1. If you take the residues in segment 151-164 that are in contact (Cβ under 8 Å) with a residue 24 or more places away in the chain and out of contact with any Leu (no Cβ under 8 Å at 6 or more places or on another chain), which one is nearest to Leu73 (Cα to Cα)?
2. Taking only pairs six or more apart or across chains, which ones have beta-carbon atoms under 7 Å, a first residue in segment 122-150 that is on the phi > 0 side of the Ramachandran plot and modelled with pLDDT under 95, and a second residue that is in a strand (DSSP E or B) and surrounded by 15 or more Cβ atoms within 10 Å (Cβ to Cβ)?
3. Tell me, which residue of segment 41-78 that is touching a helix residue (DSSP H, G or I) at 6+ places or on another chain (Cβ under 7 Å) and surrounded by fewer than 16 Cβ atoms within 10 Å (Cβ to Cβ) is nearest to Val118 (Cα to Cα)?
4. Do the conditions hold for Arg12, that is, is it outside any helix (DSSP H, G or I), farther than 22 Å from Tyr169 by Cα and free of Cβ contacts under 8 Å to residues at least 24 places away in the same chain?
5. Quick one: Asp174 ticks every box in (1) surrounded by fewer than 20 Cβ atoms within 10 Å (Cβ to Cβ); (2) modelled with pLDDT of 95 or more bar one, so which box is it?
6. Could you grab the pairs with beta carbons closer than 6 Å, sequence gap of 6+ or different chains, first residue in segment 54-71 and under 10 Å from Glu14 (Cα atoms) and modelled with pLDDT of 95 or more, second one assigned to a loop (DSSP other than H, G, I, E, B) and of a type in the set (D, E, K, R)?
Amino acid sequence: MEESRGLPIKIRPEQVSDYGAIAQLHTLAFGQSSEARLVEKIRHSVAYVSDLALVAEINCQIVGHILFSYGQLVGKDTVPVLVLAPLAVLPQHQRQGIGKRLVQQGLRAARARGNSLVTVLGEPAYYSQFGFEPAVRYGIESPFPVPEAAFMVKLVGQNSDLLHGKLQYAPAFDDVIQEATHAEA
């Protein structure tokens, strides 16, 4: 257990009893319910990985959440890869290292499970501290137009540098992708 503002932080896999608090956390962190709905859709899909859905607690209150789910890298072969999305921390607990601890623990768990690659669409300055690099360097494409620097990958397994192709998100992401595609048009 680590500390935030002197209070111990516990990171653990999410449980069914956490779902309401997690939905509220995402709604507060993002100022809308899209991410909360995305998490719910992922949970009800084959892309969901229960031990890679983590919460951060302080005094038994959920203050952060991260979700890794499966997508596919479609190239010469079709290979399952992890997608990090979403990551949220309650506004009053942001900038205290909680998100960082969630990402680090999630990446360790992903590596331990034998996964080869994690993708993320996010802020390059933030995710580069964990070793994420622009996906274009590895010949990995986003399924929709995004800034090159924002679509990143982290190699977590052996031979992951040999993977190439276009990411295919799980169907749970369809609404998010559609919104992003329309925003670009």
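The values are calculated or read from the model by the stated rules, or taken from the named source; none is laboratory data. This structure is a prediction, so every number in the text was calculated from the model and none was measured. As a convention, Cβ positions derive from the backbone with ideal geometry for all residues, glycine included, and neighbour counts pool all protein chains shown.
1. Here the answer is Asn159.
2. Note: no pairs meet the criteria.
3. Within segment 41-78, the match that is nearest to Val118 (Cα to Cα) is Asp51.
4. When the stated conditions are applied, Arg12 does not pass them.
5. Failed condition: (2).
6. Final answer for the pair search is Val55/Glu14.
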